[in-house]
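Worksheet: the structure to be examined is printed underneath.
The values are calculated or read from the model by the stated rules, or taken from the named source; none is laboratory data. Please read all numbers here as calculations on a predicted model, not as lab measurements. Quick reminder, even Gly has a Cβ in these numbers, built from the backbone with ideal geometry, and neighbours come from all protein chains shown.
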Amino acid sequence: MARGVNKVILVGNLGNDPDVKYTQGGMAVTTLSLATTSVRKDRDGNTQERTEWHRVKLFGKLGEIAGEYLKKGRQVYIEGSIRYDKFTGQDGQERYITEIIADEMQMLGGPGGEGGERPGRSGGGERYGRGGGERGGPGPGRGGQERSAPAQRNEEPFPDDDIPF
């Protein structure tokens, strides 16, 4: 029996530069402010935009990479899980916080945030993730560095006459 699924996928723009801090053990903890905007038409046919702001946390090597390469305005793809925490503030009031804990990150568009490459398409950005026992190692998904070599074949390539264009 499945225990449940907690998965979040966000594509948005950074509202500010990443905030990188380090634990006493030297692990990077990076916080991002990510904006996602949805557009819809209301009853009168007017376009309505709604922007949601998300607090995203990245840990370890993934956090270091985000802190080094991401800047305000940059478009980014984030995969992770949602976490709700409760704490008591200095004034004794209970406070609640909602965060996205990132497992994977892909930088989209160009360095200045221009462009709109979609995740998984060639020409997008590098994809980084936490996985394979190695926290935050770069790689194409959760498996760290699992890039496979092209298959070796003993076949001759297609002659130019067989290509239909």
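Key figures
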| quantity | calculated |
| --- | --- |
| Residue tally, condition in contact with a Phe, Trp or Tyr (Cβ under 9 Å, 6 or more places away or on another chain) and in contact (Cβ under 8 Å) with a residue 60 or more places away in the chain, over the stretch 13-26 | 0 |
| Count - residues of the stretch 10-39 that are part of a strand (DSSP E or B), more than 12 Å from Arg74 (Cα to Cα) and not hydroxyl-bearing (Ser, Thr, Tyr) | 7 |
| Residues of the stretch 52-100 satisfying the condition of being of a type in the set (Val, Ile, Thr) and either crowded, with 16+ Cβ neighbours inside 10 Å or without any contact (Cβ under 8 Å) to a residue 40 or more places away in the chain (or both) | Val56, Ile65, Val76, Ile78, Thr88, Ile100 |
| All strands (runs of 3 or more DSSP E) inside the stretch 40-133 with 2 or more residues being within 28 Å of Tyr22 (Cβ to Cβ) and modelled with pLDDT under 95 | 75-88, 94-107, 127-129 |
